[in-house]
Each structure stands twice: as C-alpha cells, then as structure tokens.
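Beneath this line is the structure, given in structure tokens, with notes to follow.
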Amino acid sequence: MASLQVGKTLPYFELYDQNGQLFKSDAYVGNYRLVIYFYPKDHTPGCTKQACEFRVQYPAWSKEGVLVVGISSDAVGNHFQFAADYRLPFTLLSDPQSKLRKQWEVPRQMMGLLPGRVTYLVGLSGQIEHIIDTPFPLKHIDETRHWIESFHKKNLPKEV
C-alpha cells in the first residue's frame, strides 16, 4: 500500500483498544470526523503532553462529531494504564508489531530512531483532509483545532 495522502480514502483497519475490544474502522468512517494519531510510546513526556492536550479539547471536539483515536505499538494493558493514569476519554489502539504503521508508511523521526508522530484528519466522506507530520506534539493539537474551526467557516451563510 502506498503512503496515505490528502484526498485518499482511509483504508479499512482493525486493532484492539485499551479495553481489549476490537475497533473496526468501518463502524466510524462516515459517522464521525476522525482524528487518528500515531505516537511513539505511552507514558513518555511528549506523548503524555499530546494525549493530555487531546483530553482537554475532547469534550468540545466530540460535540462537533469528532472522534479521537491514538495508535502506538504499546500493548493493550499499557494503553489501559495510560488512559487510566491520565483520564483519557478517547480510544487508544494497540498496533503491537507496527503493522498498520508500516502499511500506512508512517515515517520514522529523529533520524529513524523513533516511531513517527503523524495525525490524519479524516472527514465524514472518509477521505483524508489533512496530515500533520511533525515531532512537535502541540503542533498536532493546533492544526487539529484549526481543522475543526474550519467546519464552522464552511457552514457560514454567504454574505449578500
């Protein structure tokens, strides 16, 4: 599979969440706008900062029909503890052998030493509308916020 790009349809995938439940993407694509973010590892400073910022924004974003999903190679049990420790209200998916990360060709960062931090913003059509590829956790939050704010701009009545 080629790397995902803006305008492409999000491919079907399934992974286990922090509660051991199978997450099937087709249950959500078309019903929600999706923020799917890959991150390196639970309980690390940057990943914790990013997850906690998503947590802060999540109540407002969920009112906009946005579902946040985090993905890393951590085990289900690690995700469960991470979500519990930081009261994360969104789904964390376990990609233990990084199969999905490899299929989607998520680039590595820090000269190839760390798994990449990439966020895919997926519209109701199932198409990828924006990709955030930067090692800076808060940049993912800012760009996601701008994407969500754009929903309102698109729906404003045209001036006469």
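The values are calculated or read from the model by the stated rules, or taken from the named source; none is laboratory data. Being a predicted model, the structure only gives us computed values, none of them experimental. Reconstructed Cβ throughout: ideal geometry from the backbone, glycine too, with neighbour counts over all protein chains shown. With ligands, DNA and RNA removed, areas are computed over all heavy atoms of the protein, side chains included. Shrake-Rupley method; radii C 1.70, N 1.55, O 1.52, S 1.80 Å.
Residue count for region 44-95 satisfying the condition of being assigned to a loop (DSSP other than H, G, I, E, B), open to solvent by 10 Å² or more (accessible area, probe 1.4 Å), out of contact with any Lys or Arg (no Cβ under 6 Å at 6 or more places or on another chain) and hydrophobic (A, V, I, L, M, F, W, C): 1.
Scanning region 55-71 for residues that are more than 10 Å from the chain's Cα centre (by Cα) and of a type outside the set (A, V, I, L, M) yields R55, Q57, Y58, P59, W61, S62, K63, E64, G65. For region 1-54, the tally of residues that are over 13 Å from the mean Cα position of the chain (by Cα), of a type in the set (G, A, S) and within 17 Å of Y86 (Cβ to Cβ) stands at 1.
For region 1-37, filtering for residues that are open to solvent by less than 40 Å² (accessible area, probe 1.4 Å) and of a type in the set (S, T, Y) leaves 3.
Of all the numbered requirements in (1) in contact with a Lys or Arg (Cβ under 8 Å, 6 or more places away or on another chain); (2) at pLDDT below 95; (3) of a type in the set (A, V, I, L, M, F, W, C), M1 misses one, and that requirement is (1).
Between K102, K41, the distinction of being among the basic types (K, R), open to solvent by 10 Å² or more (accessible area, probe 1.4 Å) and either under 21 Å from S3 (Cα atoms) or in a helix (DSSP H, G or I) (or both) belongs to K102 only.
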